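Note sheet for the following structure.
The values are calculated or read from the model by the stated rules, or taken from the named source; none is laboratory data. Keep in mind it's a predicted model, so treat the numbers as computed, not measured. Don't worry about glycine lacking a Cβ; one is built from the backbone with ideal geometry, like all the others, and counts go over all protein chains shown. These accessible areas exclude ligands, DNA and RNA; they are computed on the full protein's heavy atoms, side chains included. Shrake-Rupley method; radii C 1.70, N 1.55, O 1.52, S 1.80 Å.
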Amino acid sequence: MANTTGVAVKMVNITKSFGSVLADDQVNFELLHGEIHGLLGENGAGKTTLMNILYGLHQPDSGEIIIQGEKKEISSPHKAVEEGIGMVHQHFMQIPTLTVIDNVILGLESLNSFKLNRARARERLVQISKIYGLQVDPDACIWQLSIGDRQRVEILKALYREVKILILDEPTSVLTPQETTELFHTIRKLVDAGLSVVFITHKLEEAMSITDRVTVLRDGKVVATRKTQDTNKAELACFMVGREVLFRLKREPYEDKQKYEVLRVENLTVKSDRGSLAVRDVTFNVQSGEIVGIAGVDGNGQTELVQALTGLRHVQGGSFWVDGVNLTNASPREILEHKVGHIPEEQNDALVANFTLIENLMLNRHYTDEFSKCGILDQGKMESRSRELIRQYDVKASSEKAIARTLSGGNKQKLIVAREIARDPRLLVAAHPTRGVDIGAEESIRNLLLEKRRQGGAILLVSTKLDEVLSLSDRILVMEKGRIVGEVTREEADIEKIGLLMAGTRTTT
Amino acid sequence: MIERIQNLLHSDQMGKWVRPFFTQVLIVLLAFVLGGFVILGIGADPIAAYAALIKSAFGNVNSIAETLVKACPLLLAGLAITLAFRAEFWNIGAEGQLYMGGVLAAVVGIYFTGLPPAVHIPLALIAGVLGGAIAGFIPVILKAKLRVNEVITTLMLNYIIILFTSYLDQGPMSDPIIKAGISRRLLETSWIPIMIKGTRFHWGIPLALLITILIAFLLSKTMLGFQIRAVGENARAARVAGVSINKTIIWTMILSGALAGLAGGIEISGVQHRLIERFSPGYGFLAIAVALVGRLSPIGVIFSSVLFAALIAGADTMQRVAGVPIPVVYLIEGLVIIFASIRSIRIRSPFRRKVTA
């Protein structure tokens, strides 16, 4: 830690909304000289938006930015760089076919002096990389480099522009553990050299190990700012997910004498897109009339687990059964036909934006005998059934022939839930069913899930909203690094305990 | 009355068909106006040139027949492209599929002897359909099994098939007397009969129209059509909903190839009656423009195929009568394509596949 006196940047009462979604709400943020400041929060908490505002990519609706005690308007990234602010995004802004040096000076040199300055630029780049220990071959093409190298290029780009403040947006999400360690070394060197660093993350461990101070955001609001040495993982976890748990929802018990196992998962192992193990040896079950919640920080294998269970991702090892039928590596349609409903985590994976509501509602059942004969669709029936569903599930739309794109986010989600629940699934796999929807839609979707449970449906609920998991689930499984690290029943559910499990502190059970 | 018209204008059918139709017509007219300035620029009279174009394409029964004879393969190949593009399968191989259809139709027409026309004609056309379907199947199976980019395979197959046709015409199938890149005549029992005496207007043209209606029905009212559109609009959502993307694109391309193959078969047994080296003046490539100008709608393709056929038919006359060089006609063609495509496709490159950033 270098000198930590003096404020480098102050963001005051920043508010930013996108359409009806409030991304940042009256956020105050302060970055000191020479500190590593962690910006912690779940996906969608407003961390990246806040920093994109500082970097000039977004303009705030209200609030001000004060740099070195002076109020500044940052209208573009170019302006931000002039103010000494650089940002490394999750997705690198690079041209793969150009060399490192070309990428670094891209946008800096004027064309007529291009050739002349390249040698000098190269020299300077080599010098900078020596000072900070950021070794990259300046003449290599970007596409030849590893992800870790490419990230170093991004950092070099910022350093070349002599930034004093560096924002790193979830820099470790693409790195291997070794690369992460190296990155942390680099960050410390930068701070020693007098830079200030904003480190955006949702990983508690990283926030604890690298930062000097941490600001936690939740739902666009600042929950707390703490000195890292004065806090701990459990406290941060609580800040991240929130304490207020909704117990207002009516949970009528499912009173069937015969509970039976609907979903059985045994030793399931699934790989991620990058080829590493995302789900490791997972075993659990879900019974009729039961909601099993999977809690965990995003990116700990939940996505891959859901994709495996719905036939969208290849299962490497282990098996799963629905109602006793082994559906391991079955096609999505086979799984669907064994009465499994699926609310995917991305709305775009569920709806065809340019299709009508009818077409969207019929997407997973148009081929059934009910709606088609000899391959010809029964338009009349499709229409009348859609009209029914839209009314029954209270989807607000001008007509069933409206184009899905025109609906609000909440109504789109209700349309998806309606489609999946109305098929009367035995098992419903719901991934983040209320992500990005307004409070009204959130409540009605939660009630629909509870109603489904009351009727004896089995529901696997994946959510990063801990309050949602706590208020809906009968049992909660906590996933961390692809494993189920703990199971708690509703009665013994305790936010501190779950927070600790999510943070990777294993309890002996 | 006015109210009824207003209701009609705001009805769903109206929004779906009529408004896009008129915007498209306007766009095409605009391209012609711009082309007119070009004609003016080279010192010719645009009005005289366009009058010559219209006259030579639609001036009398024979010229209309000739235009429609050219529109027929464009229509069928345009439908082939429409179907494939609706599933976002970038089939650039209609030309090759058309040639393959022509080859098989010629084989049946030349070597299957002793058949009555009622059997021989359908058999030749079915052979054409089959040839196209096979040529369409190769790239799609490569895509489905090995993820090979279809733009490359369909494009390259064109050359393979066209050169294969040349080989047949020079070698095994060449006419023993003429010996100049041309096959023997098809047996008359396999010729599609002429519908209007004294012209080349044959029964293949109404057949193509009938097929257009079937394809329109397929796209909007059948299971397969629904899946084709779903896969094209949002493949991930289709997959999540249990639609098999591979199965869908395979069927799409079998049908797409079949349509282009039928275009070739009809051209051989309805017009040319011989398998001639390079018998298609690029119908399969022009079909891409036809499909795009027709906004990837089967009914739209009817109009755009006639439009492009008229441009082909009238090009010579424009040069002769109004002194407009043929390249200028191509230029107008290009303008129509650019103008019409701007609004008819979403700009989405077939080459943009995620390579991990």
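Annotation: of all residues in segment A:401-417 being touching a helix residue (DSSP H, G or I) at 6+ places or on another chain (Cβ under 6 Å) and surrounded by fewer than 22 Cβ atoms within 10 Å (Cβ to Cβ), the one that is nearest to the other protein chains (Cβ to nearest Cβ) is A:K401. Only one of the numbered conditions (1) loosely packed, with under 15 Cβ neighbours inside 10 Å; (2) at the interface with another protein chain (Cβ under 10 Å from one of its Cβ atoms) is violated by A:N326, and that is (2).
Within segment A:337-362, being at the interface with another protein chain (Cβ under 10 Å from one of its Cβ atoms) and either surrounded by fewer than 23 Cβ atoms within 10 Å (Cβ to Cβ) or among the charged types (D, E, K, R) (or both) holds for A:E337, A:E346, A:Q347, A:N348, A:D349, A:A353, A:N354, A:F355, A:T356, A:E359.
Might you check whether a residue that is at pLDDT 95 or above and within 14 Å of chain A (Cβ to nearest Cβ) occurs anywhere in segment B:253-267? Talk me through it step by step, then tell me what you get.
Going through segment B:253-267, the residues at pLDDT 95 or above turn out to be B:253-267.
Applying the additional criterion that residues be within 14 Å of chain A (Cβ to nearest Cβ) yields B:255.
Within segment B:253-267, one or more residues are at pLDDT 95 or above and within 14 Å of chain A (Cβ to nearest Cβ).
Pairs meeting the criteria (first residue in segment A:97-121 and farther than 17 Å from A:V136 by Cβ, second residue outside any helix (DSSP H, G or I) and at pLDDT below 85, beta carbons under 7 Å, at least 6 apart or on different chains) are A:N117/A:E109.
Within segment A:471-495, if we keep just the residues that are hydrophobic (A, V, I, L, M, F, W, C) and not in a strand (DSSP E or B), the residue that is modelled with the highest pLDDT turns out to be A:L472. From the list A:T231, A:T269, A:T283, the one residue that fits, being polar (S, T, N, Q), modelled with pLDDT of 95 or more and open to solvent by less than 50 Å² (accessible area, probe 1.4 Å), is A:T269. Among the residues of segment A:59-74, those identified as surrounded by fewer than 19 Cβ atoms within 10 Å (Cβ to Cβ) and over 27 Å from the mean Cα position of the chain (by Cα) are A:E64, A:I66, A:Q68, A:G69, A:E70, A:K71, A:K72, A:E73. Among the residues making up segment A:108-134, those that are hydroxyl-bearing (S, T, Y) and modelled with pLDDT of 85 or more are A:S129, A:Y132.
Scanning segment B:220-274 for residues that are open to solvent by less than 40 Å² (accessible area, probe 1.4 Å) and either in contact with an Asp or Glu (Cβ under 6 Å, 6 or more places away or on another chain) or of a type in the set (D, E) (or both) returns B:G232, B:A237, B:V240, B:E267.
Comparison of A:G299, A:G311, A:G293 shows that the only residue that is surrounded by fewer than 23 Cβ atoms within 10 Å (Cβ to Cβ) and of a type in the set (G, A, S) is A:G299. Under the condition of being in a strand (DSSP E or B) and among the charged types (D, E, K, R), the residues counted in segment A:17-70 number 5.
Scanning segment B:159-183 for residues that are of a type in the set (V, I, T) and either out of contact with any Asp or Glu (no Cβ under 7 Å at 6 or more places or on another chain) or within 20 Å of B:A135 (Cβ to Cβ) (or both) yields B:I160, B:I161, B:I162, B:T165, B:I177, B:I178. For segment B:223-237, the candidate set comprises residues that are among the small types (G, A, S) and at the interface with chain A (Cβ under 7 Å from one of its Cβ atoms); within that set, the residue that is nearest to A:K373 (Cα to Cα) is B:A230. Within segment A:363-388, residues that are more than 7 Å from chain B (Cβ to nearest Cβ) and more than 18 Å from A:V352 (Cβ to Cβ) reach partners that are assigned to a helix (DSSP H, G or I) and basic (K, R) with beta carbons closer than 7 Å, at six or more positions or on different chains, in the pairs A:E370/A:K381.
So, B:L53, is that one modelled with pLDDT under 95, open to solvent by 90 Å² or more (accessible area, probe 1.4 Å) and either part of a helix (DSSP H, G or I) or of a type in the set (G, A, S) (or both) or not?
It is false that B:L53 is modelled with pLDDT under 95, open to solvent by 90 Å² or more (accessible area, probe 1.4 Å) and either part of a helix (DSSP H, G or I) or of a type in the set (G, A, S) (or both).
If you go through segment A:4-22 and keep only what is in contact with a Ser or Thr (Cβ under 8 Å, 6 or more places away or on another chain), within 14 Å of A:G220 (Cα to Cα) and either among the hydroxyl-bearing types (S, T, Y) or at pLDDT 90 or above (or both), you end up with A:N13, A:I14, A:T15, A:K16, A:S20. When the residues of segment A:91-110 are filtered to those that are open to solvent by 60 Å² or more (accessible area, probe 1.4 Å) and among the aliphatic types (A, V, I, L, M), the one that is farthest from A:Y160 (Cα to Cα) is A:I95.
Yes/no per residue for (1) more than 26 Å from A:V191 (Cβ to Cβ); (2) within 14 Å of another protein chain (Cβ to nearest Cβ):
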site: A:Q26; (1), (2): yes, no
site: A:G34; (1), (2): no, no
site: A:L40; (1), (2): no, no
site: A:A45; (1), (2): no, no
site: A:L57; (1), (2): no, no
site: A:G69; (1), (2): no, no
site: A:M87; (1), (2): no, no
site: A:P96; (1), (2): yes, yes
site: A:T99; (1), (2): yes, no
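All of B:S305, B:S297, B:S341 fail the test of being at pLDDT below 85 and either in contact with a helix residue (DSSP H, G or I) (Cβ under 8 Å, 6 or more places away or on another chain) or within 23 Å of B:G35 (Cα to Cα) (or both), apart from B:S341.
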